[in-house]
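Scroll down for the structure; my scribbles are underneath it.
The values are calculated or read from the model by the stated rules, or taken from the named source; none is laboratory data. Note that the coordinates shown come from a computational prediction; the quantities given were computed from them, not determined experimentally. Here the Cβ positions follow ideal geometry from the backbone for every residue, glycine too, while neighbour counts run over all protein chains shown.
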Amino acid sequence: MSNEIICDEQTLDDGICLALGGEIDLSQSPAVRSALMRHIQRKPARLVVDLSNVPYMDSSGVATLVEALQKQRAHGGLMILCQLQPKVRSIFEIARLDQVFTIVDDREKATSA
């Protein structure tokens, strides 16, 4: 798998949808953080993160998403995670972060919610 972590960017009426791809671990987290922060600086009302092509995420990846959520909320924005693969979803459930993040099953719900 290539080192390119952003697979797709889609502009929404009220924000942006970023589709990530590959394993998000300690080596990839800085690239993910950089991409997320670049978009959050624009203060989108909605930031959707599509994780359908992320088969694995370690604690550094989770920490990166938590930081992005905090920054997005700081300016009153909404952050939605969508299409989590079972292994990735279980990490959020074990850490009870499924109660902190808005997580939806499909991209359509995330972009229109």
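Against the conditions (1) modelled with pLDDT of 95 or more; (2) assigned to a loop (DSSP other than H, G, I, E, B); (3) among the aliphatic types (A, V, I, L, M), residue 1 satisfies every one except (1).
Just one residue in the set 99, 72 is among the polar types (S, T, N, Q), at pLDDT 95 or above and closer than 19 Å to residue 9 by Cβ; that residue is 72. Taking residues in the stretch 71-97 that are closer than 18 Å to residue 50 by Cβ, and partners anywhere that are polar (S, T, N, Q) and part of a helix (DSSP H, G or I), the pairs with Cβ atoms closer than 7 Å and at least 6 places apart or on different chains are 79/72.
Would you mind stating whether residue 70 is out of contact with any Phe, Trp or Tyr (no Cβ under 8 Å at 6 or more places or on another chain) and at positive phi? The answer is no for residue 70. Within the stretch 67-113, the set of residues being β-branched (Val, Ile, Thr) and surrounded by 14 or more Cβ atoms within 10 Å (Cβ to Cβ) comprises 80, 88, 91, 102, 103, 104, 111.
Inspect all residues belonging to the stretch 49-62 and state whether any of them is charged (D, E, K, R), in a helix (DSSP H, G or I) and at pLDDT 95 or above. No, every residue in the stretch 49-62 fails to be charged (D, E, K, R), in a helix (DSSP H, G or I) and at pLDDT 95 or above.
Selection within the stretch 47-66: residues that are in contact (Cβ under 8 Å) with a residue 40 or more places away in the chain and either within 17 Å of residue 100 (Cβ to Cβ) or not hydroxyl-bearing (Ser, Thr, Tyr) (or both). The member of this set that is surrounded by the fewest Cβ atoms within 10 Å (Cβ to Cβ) is 53. For the stretch 98-109, taking the residues that are part of a helix (DSSP H, G or I) and touching a residue at least 24 places away in the same chain (Cβ under 8 Å), the one that is nearest to residue 64 (Cα to Cα) is identified as 107. Could you tell me whether any residue of the stretch 25-39 is surrounded by 15 or more Cβ atoms within 10 Å (Cβ to Cβ), part of a strand (DSSP E or B) and either over 13 Å from the mean Cα position of the chain (by Cα) or acidic (Asp, Glu) (or both)? Looking through the stretch 25-39, none of the residues is surrounded by 15 or more Cβ atoms within 10 Å (Cβ to Cβ), part of a strand (DSSP E or B) and either over 13 Å from the mean Cα position of the chain (by Cα) or acidic (Asp, Glu) (or both).
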